[in-house]
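Okay, so here's the structure we're looking at.
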Amino acid sequence: MTFLKKILLVDHEPRITALVRLALEGTGRFMVKVEADVRLAQHAAPWFRPDLVLLDAAQASEGEQVNRQLQSDPALKDTPFLYLSGNPTAGKKVVTGGFVSGYSFLATVVTMDDLVRFVDEMVNPVKPARVIRRRPQPAA
C-alpha cells in the first residue's frame, strides 16, 4: 500500500492554487491542503504533517514564521520548503530551480509537469543504491 505525499500549499491566489492542486493531485501521488493565509498554514501544519510546504515567494517573510514553527516541532523539523514565484522580473533571466536564502525556489514560468517533477524529487529523494558485495568463492 502506497501512502500519498502530503503537500501544504500556501498562496492567496485561488487560480494558482487550483492549477497547482490539480497538477499534483492528478498524478495520484499527492494530497494537497490549501491555505490562503500564512497564519492558517501555521495552525494546519502540526495536524496535517506535510511532506513539503509550497509557499508563494511574495509571502517569503511570513514564510519564515512558518519555517521557524516547523523547526521547533520535532515531527516537522525536516519538512522542506519550496517557494514559488509568479512575478519574474522582465529583462532578467529567471532561475527555474535553485536556492534563494537557503530555500528551494521555483519560478512559475515552468510547466506544471516540471513543477510535479520538482516536487516529486523533493519528497522522494533518490537514495543511494546499496552495494552488495559477494564473498569470494573458495577455489575448487
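For Leu19 and Leu40 in the same chain, what is the full-extension length gain: residue separation times 0.36 nm, less their Cα-Cα distance, in nm? Before the final figure, lay out each step's value.
On the way: separation 21, 0.36 × 21 = 7.56 nm, distance 2.05 nm.
Between Leu19 and Leu40, full extension yields an extra 5.5 nm.
I need the calculated FRET efficiency for the pair His12 and Val126, taking r as the beta carbon distance and R₀ as 41 Å, to the nearest 0.05.
Details: r = 33 Å, r/R0 = 0.81.
Computed FRET efficiency for His12 and Val126: 0.80.
Under 18 Å of direct C-alpha separation, and excluding same-chain neighbours fewer than eight residues apart, Lys5 reaches these aspartates and glutamates: Glu25, Glu35, Asp51, Asp78, Asp113, Asp114, Asp120, Glu121.
Work out, step by step, the length gained on full extension between Glu64 and Leu4: first 0.36 nm times the residue separation, then minus their alpha carbon distance; give nm to one decimal. Don't skip to the end; give the middle numbers.
On the way: separation 60, 0.36 × 60 = 21.60 nm, distance 2.60 nm.
Computed gain between Glu64 and Leu4 is 19.0 nm.
Every number here is computed from the coordinates shown, using simple stated rules; none is lab data. Here the structure is a predicted model, which means the values were calculated and not measured. Cβ sites come from the backbone with ideal geometry, for glycine too, and all protein chains shown count toward neighbours.
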